[in-house]
1. For the residue pair L402 and K183, what label-to-label distance in nm results when each label sits 7 Å from Cα along the Cα-to-beta-carbon direction?
2. Using only the Cα atoms of the stretch 1-138, what semi-axes does the equivalent ellipsoid have when each is the square root of 5 times a gyration tensor eigenvalue? Give whole Å, largest first.
3. Which value, in Å², gives the accessible area per residue of the chain when a 1.4 Å probe is used on the protein heavy atoms?
4. In sequence order, what are the phi-derived ³J(HN,Hα) couplings for the stretch 166-176 according to the Karplus relation 6.51 cos²θ - 1.76 cosθ + 1.60 with θ = phi - 60°, rounded to whole Hz, with x for glycine and proline?
5. Which distance in Å, rounded to a whole number, links the C-alpha centroids of the stretch 254-314 and the stretch 349-374?
6. In terms of solvent-accessible area of protein heavy atoms at a 1.4 angstrom probe, what is the ranking of W260, W10, W384, W222, highest value first?
7. On C-alpha positions alone, give me the angle between the axis of helix 352-364 and the longest principal axis of the chain, in degrees, nearest 10.
8. Over the stretch 263-348, one equal point on each Cα, no solvent: what is log10 I(q)/I(0) by the Debye formula at q = 0.22, 0.27 Å⁻¹?
Amino acid sequence: MADRVTVIGWDGSPLTAVAAAALSAATLVAGAAHHLALPEVPATAERIRLGSIDLAARRIAGHRGTAVVLADGDPGFFGVVRNLRAPEHGLEVEVVPAVSAVATAFARAGMPWEDAQIVVAHPRTLRRAVNVCRAHHKVAVLTSPGAGPAELALLLDGVHRTFVICEELGTAREQVTVLTSDKAADHVWRDPNVVIVIGSGPEQQTTGGWISGRHPHGVRGWALPSDAYPDSATDPEGESPGLRAAQLARLGPRGGDLVWDIGSGSGALSVEAARFGAAVLAVDSDPDACARTAAAAHAFGVQLQVVQGRAPHVLERLPEPDVVRIGGGGVPVVTAVADRRPERIVTHASTRDEAEALGAALTGNGYTVECALLQSVELDTSAWVERERSVVFLLSAVRSDLAP
């Protein structure tokens, strides 16, 4: 077991006195090539080129002496500290942080960042990182080889964003480039880099901010009444808030998800899914419905993409969904959606025969289906008389390999 393990962050500036003292006493130093080339690394120290953090941790655990791990920026923020502290390694570490790459990137851009979302993009998480960029106005992406600015731009196809790309921060080769997302795929970018992704519309203005990330604001609650949405009175197929609540509860949209809302109508479900932090594609064949959805998104200050087209044909060119709400279209649309293998699908029917047909299509395509008859009665509380009654069959389906 190493006698002492110190993790030192490096941001290109001279090492602090504490960091320099720890490094000068090290008998083992682990880091990337540019870290191991620092003049402060003792010539007699054993050197480990960081590739696998777990492999390096095992070597450090077996070392008798003083170990130092060098890492870029703040090693406690999406860095090596979490891996080194894993129980299987048994290491106790001291941390000397530097300015994080995210803080440096926003400083280079001259922008505040307490309202930013921060994600890490690896090839396996790239799609989810892109969905966060779809859903939020300001996102910082810590990239990796194979999941960099070009790959982000390609998966954002059709969604306009501004990229601030910060390459090799803290080095003599540092470069900051600002361009639109449709141009980012035309370049070769140097690693490491951080991408700040800025959405359309004005920057959120917050006063008295007290929490980082997306600030709570606007209307409290969800499954809001239909008249909370612009032009809802002109939507001939408006669904009850109760049905919308049940659909959202079964879909469970969350950050990193991509929601398809097929038959967006008034845009109410699309907006509420976006308010949960999910990316949303609102699909409708009616241009008036598309306009209503866009107006609702603007009114509630959420980012979503409206797609005009008729399902199932329009679905072929859409990116892969995580969860889907189907507002109409029958068995052909349900089958086309099931072919894309989202985790969850919800839809509804007005008759039992229609519900059976939809349920059979979902079951036949590898989904575990539940169906419930929902009845809601709206009362006029001034006279306690019935104002409106709604009866509908709600079908919720979970991919069979994910069902409990």
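The values are calculated or read from the model by the stated rules, or taken from the named source; none is laboratory data. Source: prediction; values computed, not measured. Neighbour counts run over all protein chains shown; Cβ positions are idealised from the backbone, glycine included. Note: accessible area is taken over every heavy atom of the protein model, side chains too, but ligands, DNA and RNA are not part of it. Shrake-Rupley method; radii C 1.70, N 1.55, O 1.52, S 1.80 Å.
1. Here the modelled spin labels are 3.8 nm apart.
2. 30, 18, 12
3. 48
4. Working through the residues one at a time gives 10, 9, 6, 4, x, 10, 5, 9, 4, 8, 10 Hz.
5. 24
6. W384, W222, W10, W260
7. So the helix axis and the longest Cα principal axis differ by about 30 degrees.
8. Log10 of I(q)/I(0), two decimals: -1.08, -1.50.
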